[in-house]
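The values are calculated or read from the model by the stated rules, or taken from the named source; none is laboratory data. Computed from a predicted model, the values in this text were never measured in an experiment. Neighbour counts run over all protein chains shown; Cβ positions are idealised from the backbone, glycine included.
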């Protein structure tokens, strides 16, 4: 199996390395990932600038062919599968993202955006995310198991597998819930703080997101709040 990996946290992100190690259990692994962070870029593609792609000769995971790209995560899927790889991938995995990609926030996600690009190109798409805390016990315990369960399960056109690992210790995780629906609620309720007065009457604002701690039963959001791994199939409008 030929597997292409990308992410939105950048080529040297720890989550990408961990996903690469897990992916090697299933086949030949290639990486084309952004040269720096591209979070919240959604499904953006580069149209008016060239894409610079460089080989990474000393990538930390042995046996992986890795490249950095100056574009967005969706660009990485496109140029990686159409030009960098000698043959098109069977599977595209995006992640492991630092921060959940679930509920209505998935629409902003470049992790999900890259997976949707894979779907549009006709490849099997899997997006993988986890919490911000840096506790990886649940992800490392269940990642290979879940990939093995879904890697050969086809999804309808324009859909992706979306996997989120809860932000808790393994001893606190209650298990895996499949077939989770996308919550229409917002994980972060954003507002903007005024941080500086500028010349000529301008004002500089900075976004601040406050996490929501309520979600409906059966949703990806509720699963994560209850310390379950959430696995679902999502279409290109998020529901």
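If residue 229 passes every condition in (1) modelled with pLDDT of 95 or more; (2) part of a loop (DSSP other than H, G, I, E, B) but one, which one does it miss?
(2)
Which one of these is over 16 Å from residue 75 (Cβ atoms) and modelled with pLDDT under 95: 129, 133?
On the way: 129 fails: modelled with pLDDT under 95.
Every option except 133 fails the conditions.
I'd like the residue in segment 21-41 that is part of a loop (DSSP other than H, G, I, E, B) and crowded, with 19+ Cβ neighbours inside 10 Å and, out of all such residues, is modelled with the lowest pLDDT.
In the first step, residues of segment 21-41 are kept if they are part of a loop (DSSP other than H, G, I, E, B); the result is 24-27, 35-41.
Next cut, crowded, with 19+ Cβ neighbours inside 10 Å only: 38, 41.
Numbers: 38: 92, 41: 82.
Only one residue fits best here, namely 41.
Given the conditions (1) at pLDDT 95 or above; (2) surrounded by 12 or more Cβ atoms within 10 Å (Cβ to Cβ), report the number of the one that residue 194 does not fulfil.
Against the list (1) at pLDDT 95 or above; (2) surrounded by 12 or more Cβ atoms within 10 Å (Cβ to Cβ), residue 194 comes up short only on (2).
Does segment 189-198 contain any residue that is under 30 Å from residue 148 (Cβ atoms), assigned to a strand (DSSP E or B) and out of contact with any helix residue (DSSP H, G or I) (no Cβ under 7 Å at 6 or more places or on another chain)?
First, pick out the residues of segment 189-198 that are under 30 Å from residue 148 (Cβ atoms): none.
No, segment 189-198 contains no residue that is under 30 Å from residue 148 (Cβ atoms), assigned to a strand (DSSP E or B) and out of contact with any helix residue (DSSP H, G or I) (no Cβ under 7 Å at 6 or more places or on another chain).
When you check residue 18 against the structure, is it surrounded by 15 or more Cβ atoms within 10 Å (Cβ to Cβ), touching a residue at least 12 places away in the same chain (Cβ under 8 Å) and in contact with a strand residue (DSSP E or B) (Cβ under 8 Å, 6 or more places away or on another chain), yes or no?
On the way: surrounded by 15 or more Cβ atoms within 10 Å (Cβ to Cβ): yes; touching a residue at least 12 places away in the same chain (Cβ under 8 Å): yes; in contact with a strand residue (DSSP E or B) (Cβ under 8 Å, 6 or more places away or on another chain): yes.
It is true that residue 18 is surrounded by 15 or more Cβ atoms within 10 Å (Cβ to Cβ), touching a residue at least 12 places away in the same chain (Cβ under 8 Å) and in contact with a strand residue (DSSP E or B) (Cβ under 8 Å, 6 or more places away or on another chain).
Those residues that are in a strand (DSSP E or B) and either at pLDDT below 95 or over 19 Å from the mean Cα position of the chain (by Cα) (or both), I need them from segment 166-176; list them, please. Walk me through how you get there before you give the answer.
Initially, segment 166-176 is screened for residues in a strand (DSSP E or B), giving 175-176.
Listed by number, the list holds a single entry, 175.
Sort out which residues of segment 199-217 are modelled with pLDDT under 95 and in a loop (DSSP other than H, G, I, E, B), and write them in order of number.
If the condition is that a residue be modelled with pLDDT under 95 and in a loop (DSSP other than H, G, I, E, B), then 212, 213, 214, 215, 216, 217 are the ones that fit.
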